[in-house]
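Participant: Below is the structure I would like to discuss, written out as structure tokens.
What follows is calculated from the coordinates using simple rules that are stated; it is not laboratory data. Since the structure is predicted, the reported quantities are computational estimates derived from the model, not experimental observations. As a convention, Cβ positions derive from the backbone with ideal geometry for all residues, glycine included, and neighbour counts pool all protein chains shown.
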Amino acid sequence: MRYDSDLLYRPPGEWKSYLLQCTIGCSHNKCTFCAMYKQKKFRIRPVEEILEDIDMARAYYGPGLERVFLMDGDAIIMKTDELLQVLNKLYKSFPNLQKVTTYAGPKSTLAKSLEEWKALRAAGLSRAYLGVESGSDAVLTAINKGCTAQQMLQAGQRMVEAGIDLWAIIILGLTGQEGDWEEHVRSSARIINEMKPRHLSAMTFAPAKGTPLGEDVLAGRFTVCTPEHILEECHMLIELLDVDPLHFTSNHASNYLPLKGGLPEDKEKFLGLIDQALEGKIRLRKTLNRGI
């Protein structure tokens, strides 16, 4: 397969998917916490190249491929007619194809009309992952997300209305130990409740080398939250969520206490596990990328 580098990223749940590179890097690439695409200059690949890659994948994998993830950070920024060409080629090339998924940026999402999103869904775009990060305008500004909370909400709602299986992501600990974390959590729960995604992942902020927020941590301008603090944030978030049904995960490598299940049916179980962890009755796991 042809890729621009070895730096390939996809959501944890897409580990079985064939990775089809539609764009190089991220169209925004200015979030202060994210190091994923800092070494890449953003560009959209010519659709002819992408279609050639599908032929290469068919020759390599055969006709039985079942899942495809469109990379890199925001394939949705492509022209709708080109995305439709890619989707049509994928489903013709792989008769057993069940899902085509992608990351989606809020601005590129809103640049497409509801009718365009419905056309993409009809052509087989199954799921989109949206990095909400926070429902707080103050936090979104601080991390240079490039959109307001209202724009983020509208982006999520547009995909949900079009029938896209939306997987939202928020990040616990984004305010630091001394920040207004309660406002971050309350506003994040509120935006998720209004957006009504089918899935929500609550990850934990981990400072990364070469990022503005990572530099703030090294300079002492930002204090990373303690594990106990993160558990308090997660507890409050789960208490406030009322989406029904909601597939909830907090079992990423960054999370101290892995949680996975459904809300509201598992709410009391999750809260009980967090309480036990805060009381020291459950050992927290070591996480990746804690230091920089």
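Participant: Between LEU240 and ALA122, what is the label-to-label distance in nm when each label sits 7 Å out along the Cα-to-Cβ direction?
Facilitator: A separation of 3.9 nm, rounded to one decimal place.
Participant: Lone cysteines in the chain, defined as no other cysteine's Cβ under 4.7 Å from theirs: which are they?
Facilitator: Isolated Cys, the chain: CYS22, CYS26, CYS147, CYS225, CYS234.
Participant: Checking the table LYS107/LYS286; LYS209/LYS260; LYS196/LYS267; LYS41/LYS92 against a 24 Å threshold on Cα-Cα, which pairs fail? Could you put the intermediate results ahead of the total?
Facilitator: Working: LYS107/LYS286 35 Å; LYS209/LYS260 29 Å; LYS196/LYS267 17 Å; LYS41/LYS92 32 Å.
Beyond 24 Å: LYS107/LYS286; LYS209/LYS260; LYS41/LYS92.
Participant: Mind listing the long-range amide H neighbours of MET71? Cut-off is under 5 Å, sequence gap 5 or more, other chains count too, H placed in the peptide plane at 1.01 Å from N.
Facilitator: The list, which skips near neighbours in sequence, is LEU20, GLN21, CYS22, THR23.
Participant: Tally Lys and Arg at +1 and Asp and Glu at -1 over the other residues with C-beta under 14 Å from the C-beta of ILE170: what net charge comes out?
Facilitator: Working: positive: LYS145, ARG186, ARG190; negative: GLU133, GLU183, GLU194, GLU233.
With Lys, Arg at +1 and Asp, Glu at -1, the net is -1.
Participant: In which sequence would TYR3, TYR129 go, from the one with the fewest C-beta neighbours within 10 Å to the one with the most? Don't jump to the answer; show the numbers that get you there.
Facilitator: Details: TYR3 14, TYR129 21.
Placing the least packed residue first, the sequence is TYR3, TYR129.
Participant: What whole-number volume per residue, in cubic angstrom, does the convex hull of the C-alpha atoms of the stretch 136-223 give? Intermediate results must be reported in sequence, preceding the final value.
Facilitator: Numbers: hull volume 8.3 nm³, N = 88.
For the stretch 136-223, the hull spanned by Cα atoms encloses 94 Å³ per residue.
Participant: Next question. Computed FRET efficiency, Cβ-Cβ of LYS209 and LEU51, R0 45 Å: what is it to the nearest 0.05? Write out the running numbers ahead of the final one.
Facilitator: Numbers: r = 37 Å, r/R0 = 0.81.
Approximately 0.75, to the nearest 0.05.
Participant: List the GluC sites (Glu not before Pro) within the stretch 75-119 that fall in a DSSP loop (any state other than H, G, I, E or B) and whose Cβ has at most 10 other Cβ atoms within 10 Å.
Facilitator: Details: sites: GLU82, GLU115, GLU116; in loops: none.
Qualifying residues, ordered by number: none.
Participant: Among GLY156, LEU87, PHE222, flag the residue with its Cα farthest along the positive direction of the charge dipole of the chain, charges on Cβ as +1 for Lys/Arg and -1 for Asp/Glu.
Facilitator: LEU87
Participant: For the stretch 12-278, build the charge dipole from Cβ charges (+1 Lys, Arg; -1 Asp, Glu) around the Cα centre, then report which of GLY176, LEU278, VAL132 sits farthest towards its positive end.
Facilitator: VAL132
Participant: Right, here's the next one. By counting other Cβ atoms within 10 Å of each Cβ, how are VAL47, VAL132 ranked from fewest to most?
Facilitator: Exposure proxy ranking, most exposed first: VAL47, VAL132.
Participant: In the stretch 12-278, what is the volume of the convex hull around the alpha carbon atoms, normalised per residue and reported in Å³?
Facilitator: Numbers: hull volume 32.4 nm³, N = 267.
Per-residue hull volume (Cα only) is 121 Å³.
Participant: Looking only at the stretch 12-278, where both bridge partners belong to it, what percent of the DSSP beta bridges are antiparallel (to the nearest 5)? Don't jump to the answer; show the numbers that get you there.
Facilitator: Values: 6 of 34 bridges.
Among the beta bridges of the stretch 12-278, antiparallel pairing accounts for roughly 20 percent.
Participant: Taking the stretch 34-166 as the region of interest, what is the percent of Cα-Cα pairs per 10 angstrom bin, listed from the shortest bin to the one with the maximum distance?
Facilitator: 12, 41, 33, 13, 2
Participant: Report the longest stretch of the chain that contains none of the trypsin sites (Lys or Arg not before Pro) sitting in a DSSP loop with at most 13 other Cβ atoms within 10 Å.
Facilitator: Values: sites that count: ARG2, LYS16, LYS30, LYS41, LYS79, LYS209, ARG221, LYS281, ARG283, ARG285, LYS286, ARG290.
That would be 80-208.
Participant: While we're looking at this one, here's another question. Just add up the charged neighbours of VAL243: K/R +1, D/E -1, any other residue whose Cβ is under 12 Å from the Cβ of VAL243. Mind showing how you got there, number by number?
Facilitator: Values: positive: ARG190, LYS196, ARG198, LYS267; negative: GLU194, ASP242, ASP244.
Here the charged neighbours net out to +1.
Participant: Further, regarding this structure: Please list, in order along the stretch 123-136, the HN-Hα scalar couplings obtained from phi with the Karplus expression 6.51 cos²θ - 1.76 cosθ + 1.60 (θ = phi - 60°), rounded to whole Hz, x for Gly and Pro.
Facilitator: 7, x, 6, 8, 9, 10, 9, 10, x, 5, 6, 7, x, 9
Participant: Let me ask another. Fully extended, how many nm does the chain gain between GLN177 and LEU271 (0.36 nm per residue separation, minus their Cα-Cα distance)? Let's see the in-between values first.
Facilitator: Details: separation 94, 0.36 × 94 = 33.84 nm, distance 2.15 nm.
My answer for the length gained is 31.7 nm.
Participant: Follow-up. Could you tally the net charge around ARG190, taking each other residue with its Cβ under 13 Å from the Cβ of ARG190, Lys/Arg +1 and Asp/Glu -1? Write out the running numbers ahead of the final one.
Facilitator: Values: positive: ARG186, LYS196; negative: ASP137, GLU182, GLU183, GLU194, GLU239, ASP242.
Overall, the nearby charge balance is -4.
Participant: Something else about it: Do the sum for the chain: with -39,500 (n - 2.57) for every DSSP H run of n ≥ 4, divided by all residues, what is the mean residue ellipticity at 222 nm, to the nearest 500 deg cm²/dmol?
Facilitator: Numbers: 10 runs with 111 residues, N = 292.
After summing the helix terms and dividing by the residues of the chain, the value is -11500 deg cm²/dmol.
Participant: To the nearest 0.05, what FRET efficiency results for LYS79 and GLU194 with a Förster distance of 41 Å applied to their C-beta separation? Display every interim value, and only then the final one.
Facilitator: Numbers: r = 30 Å, r/R0 = 0.72.
Plugging the Cβ-Cβ distance into 1/(1 + (r/R0)^6) gives 0.90.
Participant: About the Cα centre of the stretch 12-278, what is the dipole size in debye to 20, counting +1 per Lys and Arg Cβ and -1 per Asp and Glu Cβ, all else neutral?
Facilitator: Working: 29 positive and 34 negative charges, 202 e Å.
The dipole magnitude comes to about 980 debye.
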